[in-house]
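Below is one structure, written out as structure tokens, with a few remarks after it.
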Amino acid sequence: MANQSRKKKNLKRSLTTQYRLVLVNDRTFEEASAVKLTFLNVLIATMVIILVIFWGSFFLISETPLRYIIPGKETKDSERIVQELLFKTDSIYYVLERDNKQFDIHNKLIKGELEYAEVEELTDSINAVPINMALTVQKNKAIQEIEEAVQKEENFNKKIDENSFDNAMLFVPVNGSISQAYNPSIDKNHTAIDIAAKEGEPVKAILAGVVMHAEWSSDTGYNVIVQHKEGLTSIYKHNGKLSVKQGQRVSAGEVIASVGNSGEFSSGPHLHFELWINEKAVNPSDYIDFQKQ
């Protein structure tokens, strides 16, 4: 007991014994400052500094952007953004793939490799393919909203009223007279009207759009396909020469070609004109007033 009591007193004495820390000028040996210290004070000060550093570091890592440098610390917001980007990328890939397939169908149609009756069947099969979702992440509310927006847009494009196009807004493609009216019940492969016109007469775009095809075909000669808004497509065949190139933007009424007699299926100078809405052929006379010339 006496030894333990002695040890406690010695420990207490060593912790509370005062020392003097003196700073002395090295040249003049003059005392600059002095501080009284004990081992207990130094120990307490050291612990306080360690705690301050620990809690300061914890706050910086947990409450500031520095926490993102730690693996596995992604927030829900960042996960949501990543999922949205993945979904949008997958949706864009699907739309591009679908458009490329539809463009291939138009090319084959122009070149005579497909019959008109086959076009609608192929188009329906392409549109029936669902979006190939390569995502395995769980869809949250934000992604569901994106899906609904995409679905609404697709439904809107599919349900466009064919009568929504005012014939006053569509230009007459060429000055001339209709030599063969639209009547697919007689010839299912001729879903168009033929307009007899003078050779060299300007052929104009019925509406602003983008030239999707401007090439030569042995059957129908020089052809132009223009994609317009709201699923509207116009096709011009048997042209004498072309004034536009693929990918070019054209305005309504802009000259895109001239009347000719090109192609094996042509029997004289005329324009073979087709109008399609949402991949379905329609009667151009229902949308364009050919009397206004």
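Points to keep in mind about this one:
- Within the stretch 198-235, if we keep just the residues that are surrounded by 19 or more Cβ atoms within 10 Å (Cβ to Cβ) and modelled with pLDDT under 90, the residue that is nearest to SER177 (Cα to Cα) turns out to be THR220.
- Members of the stretch 250-278 that are within 16 Å of GLU230 (Cα to Cα) and either among the hydroxyl-bearing types (Ser, Thr, Tyr) or surrounded by fewer than 18 Cβ atoms within 10 Å (Cβ to Cβ) (or both): SER251, ALA252, ASN278
- Residue satisfying all of: in the stretch 236-245; basic (Lys, Arg) and either in contact (Cβ under 8 Å) with a residue 24 or more places away in the chain or not assigned by TED's automatic domain parsing to the domain that holds GLY260 (or both); surrounded by the most Cβ atoms within 10 Å (Cβ to Cβ) among these: LYS237
- Screening SER243 with (1) in contact with a Leu (Cβ under 9 Å, 6 or more places away or on another chain); (2) over 14 Å from ILE206 (Cα atoms); (3) among the hydroxyl-bearing types (Ser, Thr, Tyr) gives one miss only, at (1).
The values are calculated or read from the model by the stated rules, or taken from the named source; none is laboratory data. Predicted model only: the values in this text are computed from it and were never measured. FYI the Cβ positions are ideal-geometry reconstructions off the backbone, even for glycines, and counts take in every protein chain you see.
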